[in-house]
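Structure first, then comments.
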Amino acid sequence: MSTPNKYLPLIGRILIGAPFIMSGIGKLTSYTATAGYIASVGLPLAGLGVAIAVLMEAGGGTLLLLGYRTRLVAPAMALFTLATAIFFHHNFADQNQMIHFLKNIMLMGGLLNIAYFGAGPVSLDSAAGRKASAPAGQHA
């Protein structure tokens, strides 16, 4: 991979990971409001929901940004993103919720690409010798 191109996966991971980190920190600093919102959609154990959201968003976003274990982190984040789309953004009569739903679906596309192609050459995965291109036995 040419020198400028080797940074493209890093830029992509930053663009996807940073908003997750910001959102997770926001949920942590607004714990009560976040728990109230989770409860308002009828989900049980709102406190646990906040903890899961913070872990997935701030924790997963950080791991994604660093390029650590991306082939495990990215699909887990894609499933989490699908769940949030279904539980929180399903009211398509509300244009704002439709936009959030579609945004989550687009994020899933980026996360699944990262899951397939790996973190890229500028990552902790690459530094640890984990394959950064197509999964073993497959050709990109």
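Remarks
- Verdict on I25 being under 17 Å from T81 (Cα atoms) and modelled with pLDDT of 95 or more: yes
- Residue within segment 28-35 that is closer than 29 Å to R130 by Cα, at pLDDT 95 or above and part of a loop (DSSP other than H, G, I, E, B) present: no
- Identity of the residue in segment 1-22, at pLDDT below 95 and assigned to a helix (DSSP H, G or I), that ends up nearest to A127 (Cα to Cα): K6
- Any helices (runs of 4 or more DSSP H) falling wholly within segment 36-125 and containing at least 1 residues that are in contact with a Gly (Cβ under 6 Å, 6 or more places away or on another chain), at positive phi and touching a residue at least 40 places away in the same chain (Cβ under 8 Å): none
The values are calculated or read from the model by the stated rules, or taken from the named source; none is laboratory data. Predicted, not measured: the structure shown is a model, and the values here were computed from it. In this analysis, Cβ positions are derived from the backbone assuming ideal geometry, glycine residues included, and neighbour counts consider all displayed protein chains.
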